[in-house]
């Protein structure tokens, strides 16, 4: 009968001499990872730039709406018929805005054909340039002044 020794129970490790040990990334794997990271950083930079541009455009539009709103409130609060034609140049933080005011009789009639006097149609137009392109916004409203 065979005597068992401790070496009989130890599992031998098999080493293949023709397979190198894989202990590091290959150069092409590193380059692919860096390329993916660079593409992500560029995309993030462009997204941030688009957000800043949109914020600037929104602030510019808000400023023009505020100019139109303020002039409309001035006309509605004033006494007498608004001027037939008037033009303003308003300097904003985004460039000059040209504000054009035109007032015409509304020419409204009742259902029975009676002419409504004292009602005027006021048109306010704001014009400005953004990156060399002409921009404009316009509002129209009625003003009643008894005659």
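If I filter region 115-147 down to residues being modelled with pLDDT under 90 and touching a strand residue (DSSP E or B) at 6+ places or on another chain (Cβ under 9 Å), which single residue comes out as nearest to residue 91 (Cα to Cα)?
Going through the qualifying residues, I end up with 130.
Looking only at region 88-118, count every residue that is exposed (fewer than 14 other Cβ atoms within 10 Å of the Cβ) and either in contact with a helix residue (DSSP H, G or I) (Cβ under 6 Å, 6 or more places away or on another chain) or within 14 Å of residue 75 (Cβ to Cβ) (or both) and tell me the total.
Final tally of qualifying residues: 2.
Determine which member of the set 39, 75 is more than 19 Å from residue 134 (Cβ to Cβ), out of contact with any helix residue (DSSP H, G or I) (no Cβ under 6 Å at 6 or more places or on another chain), surrounded by 10 or more Cβ atoms within 10 Å (Cβ to Cβ) and free of Cβ contacts under 8 Å to residues at least 24 places away in the same chain.
Among 39, 75, only 39 is more than 19 Å from residue 134 (Cβ to Cβ), out of contact with any helix residue (DSSP H, G or I) (no Cβ under 6 Å at 6 or more places or on another chain), surrounded by 10 or more Cβ atoms within 10 Å (Cβ to Cβ) and free of Cβ contacts under 8 Å to residues at least 24 places away in the same chain.
Can you say whether residue 63 is surrounded by 10 or more Cβ atoms within 10 Å (Cβ to Cβ), touching a residue at least 24 places away in the same chain (Cβ under 8 Å), under 18 Å from residue 142 (Cα atoms) and out of contact with any helix residue (DSSP H, G or I) (no Cβ under 9 Å at 6 or more places or on another chain), as far as the supplied structure shows?
When the stated conditions are applied, residue 63 does not pass them.
The values are calculated or read from the model by the stated rules, or taken from the named source; none is laboratory data. Predicted, not measured: the structure shown is a model, and the values here were computed from it. Here the Cβ is made from the backbone with ideal geometry for all residues, glycine too, and neighbour counts use every protein chain on show.
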